[in-house]
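Enquirer: Please read through the structure below; I'll follow up with questions.
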Amino acid sequence: MWWYELFGFLLRFHWISAICFIIGFILIILEMFTPGFGVAGVSGIILLVLGIMFTARNFLEAIVMIAIVLIIAGVLLAIFFRLASKGKLNNKIILVDKMNKEAGFVGRSEPQSFLGKEGVAVTMLRPSGTINIDGTKLDVVAEGEFIPRGTRVKVIKVEGIRIIVKKAE
């Protein structure tokens with residue numbers, strides 16, 4: 001009956017370690033293919049470490065098992081990068097839609113079109129604030145002076161998306 005006790009001991013610990021390895025690798029794969037905060041990846045690593053602790057009988061076996069786990073994780077990572085470079089991942093990870101003018105997306109109106117136009121200061125410009133030009137509210141910067149609310153202003157310069165104004169004459 002010694003074989004029954006030995007089989008029971010091996011069955012008990014090897015099933016636990018096998019379950020830890022399987023669930024650990026599944027969680028790591030899940031972490032690779034779904035964006036998140038790392039809960040699945042950290043849980044997978046913890047389960048892999050537990051699997052190694054349950055299985056390894058000495059330090060040398062633990063080192064060998066760590067090397068095997070790292071090789072398997074490297075192969076999984078290589079497969080992930082290969083799929084990512086071929087564009088076969090789902091759209092949650094890689095943005096495939098282009099947001100450009102041709103597709104109808106406009107993030108901000110062209111600030112160059114406001115050059116030379118006049119509007120009214122909606123907020124105090126000290127030196128930054130908001131103005132209204134023909135019903136369009138714009139974030140602007142006053143040229144060197146405080147401009148009170150309600151004052152007529154003129155766009156004198158546009159630097160990228162920065163619009164610079166001064167009091168209208």
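The values are calculated or read from the model by the stated rules, or taken from the named source; none is laboratory data. Here the structure is a predicted model, which means the values were calculated and not measured. We place every Cβ from the backbone using ideal geometry, glycine too, and count neighbours over all the protein chains shown.
Enquirer: I need the full set of residues from region 113-169 which are in a strand (DSSP E or B) and out of contact with any strand residue (DSSP E or B) (no Cβ under 9 Å at 6 or more places or on another chain), in order please. Step through it out loud before you land on a result.
Expert: Step one: list which residues in region 113-169 are in a strand (DSSP E or B), which gives 118-121, 125, 128-133, 136-142, 147, 152-159, 162-167.
Selection gives E159 alone.
Enquirer: Could you list all residues from region 130-158 that are touching a Lys or Arg at 6+ places or on another chain (Cβ under 8 Å), over 14 Å from A168 (Cβ atoms) and surrounded by 12 or more Cβ atoms within 10 Å (Cβ to Cβ)?
Expert: T130, V141
Enquirer: Restricting to region 78-136, and then to whatever is of a type in the set (S, T, Y) and over 25 Å from the mean Cα position of the chain (by Cα), can you tell me which residue is modelled with the lowest pLDDT?
Expert: Step one: list which residues in region 78-136 are of a type in the set (S, T, Y), which gives 85, 109, 113, 123, 128, 130, 136.
If we keep only those that are over 25 Å from the mean Cα position of the chain (by Cα) too, we end up with 109, 113, 123, 128, 130, 136.
Working: S109: 60, S113: 82, T123: 93, S128: 91, T130: 92, T136: 85.
Only one residue tops the list, namely S109.
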